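One structure is given here, and the rest of the page talks about it.
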Amino acid sequence: MSVERQMAMLVRMRELVLTNSQFIIATHSPLLLAYPGALIYEFGPQGMQQKSYQQTLLYQQYSTFFKDPALIVKQLLGQSL
């Protein structure tokens, strides 16, 4: 799903939440994961754990990548850029 569509989904989710709708969403989208007040459960070696947005592996990996994408790509490809 494009970033634009993910943002549109956040808006629609908010509209539905205001009518008492609830959602269970499995996602790799950092945008959807950032929904205010969401309860986030992450599955890993330690089992299922509730985490804050910033504690999730997804957030940490995206954050690391966006701090220096060229370095990450270089490390992944084992090349000089």
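Here, each number is a calculation from the coordinates, and none is a lab measurement. In this text, all values refer to a predicted model and were calculated from it rather than measured experimentally. For neighbour counting, all protein chains shown are included, and Cβ atoms are generated from backbone atoms with ideal geometry for every residue, glycine included.
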Q: Scan the stretch 1-29 residue by residue and report those that are outside any helix (DSSP H, G or I), closer than 25 Å to residue 57 by Cβ and not hydrophobic (A, V, I, L, M, F, W, C).
A: 2, 22, 27, 28, 29
Q: Hey, could you check the stretch 35-44 for residues that are touching a Leu at 6+ places or on another chain (Cβ under 9 Å) and closer than 25 Å to residue 15 by Cα and say which is surrounded by the fewest Cβ atoms within 10 Å (Cβ to Cβ)?
A: 38
Q. Do any residues in the stretch 54-81 that are within 26 Å of residue 33 (Cα to Cα) have Cβ atoms under 6 Å from those of residues that are β-branched (Val, Ile, Thr) and surrounded by 12 or more Cβ atoms within 10 Å (Cβ to Cβ), where the two are at least six apart or on different chains, and which pairs are they?
A. 65/72
**Q.** Enumeration of residues in the stretch 45-72 that are in a strand (DSSP E or B) and either surrounded by 12 or more Cβ atoms within 10 Å (Cβ to Cβ) or in contact with a Cys (Cβ under 9 Å, 6 or more places away or on another chain) (or both)
**A.** 49, 51
Q) Is it true that residue 32 is surrounded by 10 or more Cβ atoms within 10 Å (Cβ to Cβ), within 12 Å of the chain's Cα centre (by Cα), of a type in the set (A, V, I, L, M, F, W, C) and outside any loop (DSSP other than H, G, I, E, B)? A) yes
Q: Please determine, by comparing only the residues of the stretch 7-29 that are touching a residue at least 12 places away in the same chain (Cβ under 8 Å) and under 11 Å from the mean Cα position of the chain (by Cα), which one is surrounded by the fewest Cβ atoms within 10 Å (Cβ to Cβ).
A: 28
